[in-house]
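A short write-up of the structure that comes next.
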Amino acid sequence: DQQVKQNSPSLSVQEGRISILNCDYTNSMFDYFLWYKKYPAEGPTFLISISSIKDKNEDGRFTVFLNKSAKHLSLHIVPSQPGDSAVYFCAASGAGGTSYGKLTFGQGTILTVHP
Amino acid sequence: KAGVTQTPRYLIKTRGQQVTLSCSPISGHRSVSWYQQTPGQGLQFLFEYFSETQRNKGNFPGRFSGRQFSNSRSEMNVSTLELGDSALYLCASSDESGGLEGDTQYFGPGTRLTVL
């Protein structure tokens, strides 16, 4: 039972355009969502997060949108740069109890930004 | 602040052996989580330690164990290695400072384990 899904295995975008990465979740107990960027053979790097009480959070070129009713979040990167090319993971955490220290990850989306 | 460090970075073992991986969290962080990344299963949660206590455990066999020391450094151990244990093992720390932002986990570079 995959509770966090990234349905697009890959995305190709031209430099300067917008990249939109999508993520869906099924567990309504999730209350904190994060996006990570990962290069091969390295650990994930934290990009941006959003709590369930918000619907938008911005940090520079990165904006995350949360639609709780649809159990959907998206990461927008504007403008996209070749250095953004990496695997992007969506992750979610729940409220206390059995969720201590546990992030549930999607399968990742490979973003390629072409010069 | 220095980031999360993991040692060793690469490890080659044979089936049946055991292995110990080490993780030093960001200074001041008391929660340490471990994950396994494989091509087929993605990033899977192994366990989490806080103040030397395991608070949460993922769905892995008992061959996978861990511990945390008083300085928050953590180790994980895999006994009786199997070929399927070949993976990137990632450690992450968070400061648990209260509020959801305290749950943000920062990852180390990982240990690449190859079991032959």
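The values are calculated or read from the model by the stated rules, or taken from the named source; none is laboratory data. None of the values given here were measured: they were computed from a predicted structure. Glycine also receives a Cβ, built like all others from the backbone with ideal geometry; neighbour counts cover every protein chain displayed. We work out accessible area using only protein heavy atoms, side chains counted, and drop any ligands, DNA or RNA first. Shrake-Rupley method; radii C 1.70, N 1.55, O 1.52, S 1.80 Å.
Structure notes:
- Computed over the protein assembly as shown, the alpha-carbon pair-distance distribution with 5 angstrom bins reads 1, 7, 14, 19, 19, 17, 12, 7, 3, 1, 0, each value a whole percent.
- Over the C-alpha atoms of the stretch B:30-116, the Rg to Rh ratio, Rh being the Kirkwood estimate, stands at 0.97.
- Local net charge near A:Phe89, Cβ-Cβ under 13 Å (Lys/Arg +1, Asp/Glu -1): +2
- With the gyration tensor restricted to C-alpha atoms of chain A, the semi-axes of the equivalent ellipsoid amount to 24, 15, 12 Å, longest first.
- Beta bridges per DSSP, both residues in chain A: antiparallel share near 90 percent.
- Counting only other chain Cβ atoms within 10 Å of each residue's Cβ, the peptide B:102-109 averages 6.
- Cβ neighbours within 10 Å from other chains - mean over B:47-55: 2
- Exercise: per-residue mean of other protein chain Cβ atoms within 10 Å, A:33-44: 4
- Contact order normalised by residue count of chain A, Cα under 8 Å, 6+ apart, percent: 37 percent
- FRET efficiency for A:Met29 and B:Glu52, using Cβ-Cβ distance with R0 set to 25 Å, rounded to 0.05: 0.40
- Distance in nm between pseudo-label sites at B:Thr38 and A:Ser12 (7 Å out along the Cβ direction from Cα): 3.1 nm
- Note on the stretch A:1-87: with charges restricted to the Cβ of Lys and Arg (+1) and Asp and Glu (-1), its dipole about the Cα centre is near 120 debye.
- Buried surface for the B/A pair, taken as the accessible area of each chain alone minus that of the pair with a 1.4 Å probe, is close to 1800 Å² in total.
- Cα-based reach from A:Lys5 at 15 Å (exclusive), listing aspartates and glutamates while leaving out same-chain residues under 8 positions away: A:Asp24
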